[in-house]
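See below for the structure under consideration.
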């Protein structure tokens, strides 16, 4: 589950991480009031208005603006709230902004130089250990830094039994070339950040930038946080953080129906049972000259009601030109699946307007193929992988 910046910062602050103070707003009046509140709390004269969407690169798309007066806060918020913000990490049509975060200005002048760093905590899947990835090039696209100057990206792996050690936080501060109060603040920041990552069962904490202010404080100016969905039973307080506006509505509807659906950008709907078979099916679709439009896993049961729900979800994507049903009948018999497909097709009437290729393999596969063929519906039966691929190719031609 992805979180908004203000939600991630709330978790960080609860673990003692210094953050850029901010107040979330859903309209320009709330933004104006939030700016006044921040001025009273922190003394800040300028404010940063930040669009709250689940995507990076907001500044490049015009989603982060500096306001030098309360009236500017209101004016900028009116423009950002409701806009479709397009960034390198959003779909082509962008994402609609429903909220903004009004933050204090932390780039104030002082005796010491202001510096920006990049810090993230995530799992290194090749070693099975958590690691801290960090760079002196904060505020930039980390992918670009990795491509052009990989020597400026550092890694620190954490022993899962020992947790993060003081010598590791000091090493990171040394690599950032910090001294004095800034050095101490960075070691505390890293230690608290790692505790937040572990304590919240996150799969990612990315702070870009981590700012060393002109008075040697170290604070999180941004936060990108992903919580492991499988851990939410331990964190019921995080469930309220879920923002359905940021999720694909078809995926949300599928989840409510107990189906696993992942939206892709192709032209062939994909209904399967099991993740491994889904991956193979998507390869099959590509080899046939098509491109998968989705990944829909109906699980261990495929009765008429469940199949009908799956068809309706797939057909909500107007790009779908054909549907490939690829089911392995192990626990569930193929003939029962075939009957479910036939019943669902009849129930849906004229809604199905694309050809359907059905490959059923396993228990009673031949009976299933016979059922499909005798139905006289616009359903094409197949038994072998290669045969199914050829059928997909034919209907797309």
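For region 152-195, rounded, prolate or oblate, judged on the Cα gyration tensor with a ≥ b ≥ c (square roots of eigenvalues), a/c < 1.5 rounded, else prolate if a/b > b/c? Note, shape of region 152-195 comes out oblate. Computed per residue of the chain from DSSP H runs no shorter than four, each worth -39500 (n - 2.57), the mean residue ellipticity at 222 nm is -11000 deg cm²/dmol. The shape of region 249-396 comes out rounded: with a ≥ b ≥ c from the C-alpha gyration tensor, a/c is under 1.5. Highest mean first, the peptides 65-74, 184-193, 9-18, 237-246 sorted by other C-beta atoms within 10 Å per residue fall in the order 184-193, 9-18, 65-74, 237-246. Ordering of 102-115, 270-283 by packing is 270-283, 102-115, highest average first (other Cβ atoms within 10 Å, averaged per residue). In the chain, the DSSP beta bridges split such that about 70 percent are antiparallel, to the nearest 5. In angstrom, the C-alpha Rg and Dmax of region 1-79 are 12.7, 35. Relative to the dominant Cα principal axis of the chain, helix 275-287 is inclined by about 80°. Where (i) 5, 20, 24, 17, 12, 10, 7, 3, 0, 0; (ii) 5, 19, 23, 20, 16, 11, 5, 1, 0; (iii) 5, 24, 36, 27, 8, 1 are the candidate values, the label of the one calculated here for P(r) over Cα pairs in 10 Å bins from 0, in percent is (ii). Rounded to the nearest 10 degrees, the inclination of helix 70-80 to the longest alpha-carbon principal axis of the chain is 20 degrees. Report the normalised scattering of region 136-213 as log10 I(q)/I(0) at q = 0.16, 0.25 Å⁻¹, calculated by the Debye formula with identical scatterers on the alpha carbons. Per q value, in the given order, log10 I(q)/I(0) is -0.67, -1.38.
Given axes a ≥ b ≥ c from the Cα gyration tensor, I'd like to know whether region 59-114 is rounded (a/c under 1.5), prolate (a/b larger than b/c) or oblate.
Values: a/c = 3.48, a/b = 1.62, b/c = 2.15.
Oblate, because a/c is 1.5 or more while a/b does not exceed b/c.
Between helix 180-199 and the chain there is an angle of about 30 degrees, using the helix long axis and the longest principal axis of the Cα atoms.
If you take the Cα centroid of region 40-74 and the Cα centroid of region 265-304, the two points sit 42 Å apart.
Only the coordinates and a few stated rules stand behind these numbers; no lab work does. Quantities reported herein were computed from a predicted structural model and do not represent experimental measurements. Note: ideal-geometry Cβ built from the backbone for every residue, glycine included; neighbour counts use all protein chains shown.
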